[in-house]
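The block underneath contains the structure these notes are about, expressed in C-alpha cells.
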Protein chains: 2
Amino acid sequence: MKELNIDITLCTTMKKKPAFDRLEFGRNFTDHMFIWNYSVEKGWHDPRIVPYQPITLDPAATVFHYGQSVFEGLKAYHTKNEQILLFRPDQNMKRLNRSNDRLCMPQIDEELALSALQQLVSLEREWIPTEEGTSLYIRPYMIATEPYLGVSPSKAYQFMIILSPVGAYYKEGINPVKIAVENDYVRAVAGGTGNAKTAGNYAGSLKASEIAEQNGYSQVLWLDGKEKKYIEEVGSMNIFFKINGEIITPELNGSILEGITRKSIIELLEHWDIRVVERKITMDEIRQASIDGHLEEAFGTGTAAVISPIGEFLWKNEKLIINDGKIGRLSKKLYDTLTGIQYGNITDPFGWTLKL
Amino acid sequence: MKELNIDITLCTTMKKKPAFDRLEFGRNFTDHMFIWNYSVEKGWHDPRIVPYQPITLDPAATVFHYGQSVFEGLKAYHTKNEQILLFRPDQNMKRLNRSNDRLCMPQIDEELALSALQQLVSLEREWIPTEEGTSLYIRPYMIATEPYLGVSPSKAYQFMIILSPVGAYYKEGINPVKIAVENDYVRAVAGGTGNAKTAGNYAGSLKASEIAEQNGYSQVLWLDGKEKKYIEEVGSMNIFFKINGEIITPELNGSILEGITRKSIIELLEHWDIRVVERKITMDEIRQASIDGHLEEAFGTGTAAVISPIGEFLWKNEKLIINDGKIGRLSKKLYDTLTGIQYGNITDPFGWTLKL
C-alpha cells in the first residue's frame, strides 16, 4: 500500500467537541481537513492537512457555474476493543474515479487518496464517537476551480476530505419508512449522470423530496425516466425487495448509482447461499405482489442507514403496506450482520474492513 | 421600476484593462461585483457592490456537495452614440426564478435584482468594449451556502453578479459549424432539470462535447432522453430549421431550456409575418429533408453567438451538408436584425432593449 507524503499544519486551538450522544448528521466538523490540488500543468500537487477552514475560490470558478463536482461518503467505526475500522474504502475511491470520468474530471491515485483519508482519520481519532451506532462520517469530494466562464472541463481542481461525527441513524429502534412513488419528477436517465456521484443529481432530486415530505412521506421512489414504469432507487439509496421468498434488486442500467452497501448486501446474501436476482422491476409488479400477499419485505440500502426498511408505498393514491409496517426478518438480519461487521462485533469473512 | 439600495465599496486600485480587441470569452473580470445574501431567518439582506474578490465558503457548503446553483447570462452593448443597452434583462430574471423554483432555491425580487445589475453595469461602464461585435457579458448566479451535509434544500444562499468584457463571437465572419448528433449521452429528460439553467446540466454535457471535439465537431446535437429520436438542443443553444420554406423549432417540452434568443427569434419572425412551427422534430425527418434537398437552413440560437449557423450534421456515420456549408439567407437576416437591435443600429419595435 502506497503512502502519501502529506504536509501537516495542526490547529493551535482545538474545537470544543459536541455532545456525542446528541449528534445530528453532517452538522459538526472536526479540527482538520485534507486538501490536494490539481492543475493540468502540475498534475496532483501540494497534499496537505490543515485546520478545518473556509475554501476560497474565484467567483468564476467552474464548480459554481457548470457544476463539475463529485463526492463520496463512508464511515469510520469505533470498535469495542478500541480499534478504528473503515468499511470497503477502496470501493469508494474506485467509484470516485468512475464519477470523475463521467464528469471530465481528472483521475486520482486511489491508493494515495486512501492513504490521505487514513492519515486524516488517524489524526482525528478523538472525534470518532464511541456510543452505540455512532460513527465518523467521511466526505471525500472534488470540485472544479478554474476561473473561466467557457463551458469546458476546468483545468484546475481541488480534492478534499472533511470529517463529521454522526449519531446513531436509528435512535429509537429501526422504524420502517413511508415512501411516495414519484410520477412527475425524474432523477436520472440512461446516458445522463445517474450512475455518477455528482452534485447535480442531488440538486435535481430536492423538489420531489420536498413535495413527498409535505405529504407525510420520508422519501420518494424514483421510476425510470423513459417510461416511468421501472423502479430505480429510493431517495438516495438503492432498493431491494423480497417477493415470495426471492430477493430482487433493480439491475445496474447506467442511471442507478452503484451503491457499495448494495454490492455488499448482494455478496453477503450470496455468502449465505441466497441468490439475488438483479433485473428490471416494474411498479406494477410490486403492486400485484402486494395484492397477492407476496411482497414480504422492501428496504433501501446506503451508507447512512445501512438498511432502511420500507413499511408503505404510496402509488397513484393507493397505499401498499408491507409486512404490517414492521421491519422484516431478512432486513433485520442483514442490518445486524452488516453493522456487526462494520463495528467489528462479527468476524469479517470478506476482508471488507480496513483496520486503521 | 423599484431601485435596490446597495452598499458600495469601491476598489482602491483598478485593474489594468485587457486589450479590448483580443478578448477571450469569460477570462477577464471587471473591478467590482455584486453580492446579496439570503437566509431563511433574514430573507434577502446586505446587498452590496464590492471589489471583485474570492468567495469564501465553508467546505461543507451545499453548492459543493449537492449542486444547488442557478445562473443567467446576458450582455450589455455599447452603441455608436455612446449609449449602453441591455437586451431583455427582465426575461433573464424571470427565468432565474423559474430555475430557483425547480432547484428549491428562494425566489428573488426580479425588479430589485435587475436594479442591482443596472447599478453594477453603470459603475463598470468603462469596461464595456466599443469594438464591433464586442460586449460586456453579465453573469448573475446564485449558490447554496449552508454548511450542512444532509440532503435537503440549503437554508442560506448568495446571489452574485460578475461582469466579463468579451470579444466578437465571429471575428472572421460567420462560419457555419459542424455538429455531431449524440446517440449515447443524454442532456436531460422531462421531469429532470433540463429547462432550468442549473450547473449540473452543464457538468453532465461535457463528456459528449469532449468526444465530439476529438472527432472534429464543434458541438453535439442532443436528442431526447426517452427515445433518442427527437431533437432537443444543440450544444448549449436552442435550434431552428428551415425546411421547404417553413421555420421549425422543437417545442418546449420540459427538458429544453427556454432560450431568450429563441423566444426573440420567434417573435421577430412573427413580426415579419413568418410563422414558426413549434413541434416535435425527429432526426429521421431532418435526414429525409436533407436527402430530398429541402433542408435549407439550420442554426443554433443563444446569448453568446446570437445565431450560429450549422453547416453539417454527422449522424450515425452519415454526413448531412446544409446549404453547401454556407450561412443561409434567413440566418444572416436574423443575425443582422437581432444584433442590429442589440447594438442600437436598428430601431427596436418590440421594446426589448433597456437603456442604462
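The values are calculated or read from the model by the stated rules, or taken from the named source; none is laboratory data. Quick caveat: nothing in here was measured; it's all calculated off a predicted structure. Quick reminder, even Gly has a Cβ in these numbers, built from the backbone with ideal geometry, and neighbours come from all protein chains shown. With ligands, DNA and RNA removed, areas are computed over all heavy atoms of the protein, side chains included. Shrake-Rupley method; radii C 1.70, N 1.55, O 1.52, S 1.80 Å.
Summary of computed values
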| quantity | calculated |
| --- | --- |
| Stretchable slack from A:THR130 to A:ASP336, in nm (0.36 nm times residue separation minus alpha-carbon distance) | 72.4 nm |
| Candidates B:SER331, B:SER218, B:SER308, ranked by Gaussian network fluctuation over chain B, Cα under 10 Å, top entry | B:SER218 |
| Label-point gap, in nm, between A:ARG22 and B:GLU24 - each point 7 angstrom along Cα→Cβ | 5.4 nm |
| Cross-link reach list, aspartates and glutamates versus B:LYS263, counting only Cα pairs under 18 Å and skipping chain neighbours closer than eight places | B:GLU72, B:ASP90, B:GLU232, B:GLU233, B:GLU246, B:GLU251, B:ASP273, B:GLU278, B:ASP336, B:ASP348 |
| Placed amide H near A:ILE310: partners under 5 Å, 5+ positions off or other chain | A:VAL177, A:ALA298, A:PHE299, A:GLY300 |
| Aspartates and glutamates with Cα under 16 Å of B:LYS42, excluding same-chain neighbours fewer than 8 positions away | B:ASP109, B:GLU146 |
| For A:ALA156, residues with placed amide H under 5 Å, excluding near neighbours | A:THR145, A:GLU146 |
| Of A:LYS197/B:LYS207; B:LYS333/B:LYS355; B:LYS197/B:LYS316; B:LYS178/B:LYS228; A:LYS280/A:LYS333; A:LYS228/B:LYS280, pairs whose Cα-Cα distance is over 27 Å | B:LYS197/B:LYS316 |
| Radius of gyration and Dmax over the Cα atoms of region A:190-301, both given in Å | 14.3, 42 |
| Solvent-accessible ranking of B:TRP272, B:TRP352, largest area first, probe 1.4 Å | B:TRP272, B:TRP352 |
| Accessible-area composition of region B:57-107, carbon plus sulfur, in percent [1.4 Å probe] | 45 percent |
| Two-site label geometry, A:ASP292 and A:ASP273: point separation in nm, points 7 Å out along Cα→Cβ | 2.6 nm |
| Hydrodynamic radius of region B:184-237 per Kirkwood, over alpha carbon pairs, in Å | 11.4 Å |
| Rounded accessible area of B:ASP224 (nearest 10 Å², 1.4 Å probe) | 10 Å² |
| List B:HIS78, A:HIS32, ordered by accessible area with a 1.4 Å probe, largest first | B:HIS78, A:HIS32 |
| Value in Å of the Kirkwood radius, where region A:7-168 supplies the Cα pairs that are averaged | 16.6 Å |
| A:LYS15-A:ASP46 FRET efficiency (beta carbon distance; Förster radius 30 Å; 0.05 resolution) | 0.75 |
| Cα pair distances in chain A, grouped into 10 Å bins until the bin that holds the longest one, percent each | 5, 23, 32, 26, 12, 2, 0 |
| Cα pair count fraction exceeding 49 Å, expressed as % - the protein assembly as shown | 18 percent |
| Descending semi-axes in Å of region B:311-356, equivalent ellipsoid built from Cα gyration tensor | 34, 11, 7 |
| Amide H partners (placed H, <5 Å) of A:MET33, local residues excluded | A:VAL50, A:TYR52 |
| Total charge dipole magnitude, region B:2-55, about the Cα centre, Cβ charges on Lys, Arg, Asp, Glu only, Debye to nearest 20 | 240 debye |
| Average accessible surface area per residue within region A:177-340, 1.4 Å rolling probe, Å² | 38 Å² |
| Backbone HN-Hα couplings from phi across region B:72-84 [Karplus 6.51/-1.76/1.60, Hz, Gly and Pro as x] | 9, x, 8, 9, 10, 10, 8, 8, 5, 9, 6, 9, 10 |
| Principal axis dimensions, region A:103-168 - Cα atoms, whole angstrom, descending | 49, 23, 16 |
| Alpha-carbon centroids, region A:141-155 and region B:174-237: separation in whole Å | 19 Å |
| J(HN,Hα) series, region B:207-212, from Karplus relation 6.51 cos²θ - 1.76 cosθ + 1.60, nearest Hz, glycine and proline x | 4, 5, 5, 4, 5, 4 |
| Karplus (6.51, -1.76, 1.60) ³J(HN,Hα), θ = phi - 60°, over region A:327-334, in Hz, Gly and Pro reported as x | 5, x, 5, 5, 4, 5, 5, 5 |
| Inverse of mean 1/r across different Cα pairs in region B:223-356, Kirkwood, Å | 15.4 Å |
| Against the rule of thumb 2.2 N^0.38 Å, how large the Cα Rg of region A:129-204 comes out | 1.60 |
| Test item: B:186-197 mean partner chain Cβ contacts at 10 Å | 6 |
| Over region B:153-244, volume per residue of the alpha carbon convex hull, in Å³ | 163 Å³ |
| Highest-MSF residue in chain A out of A:ARG22, A:ARG48, A:ARG102 [GNM, Cα springs under 10 Å] | A:ARG22 |
| Largest to smallest accessible area among B:ARG88, A:ARG98, A:ARG329 [probe 1.4 Å] | A:ARG329, A:ARG98, B:ARG88 |
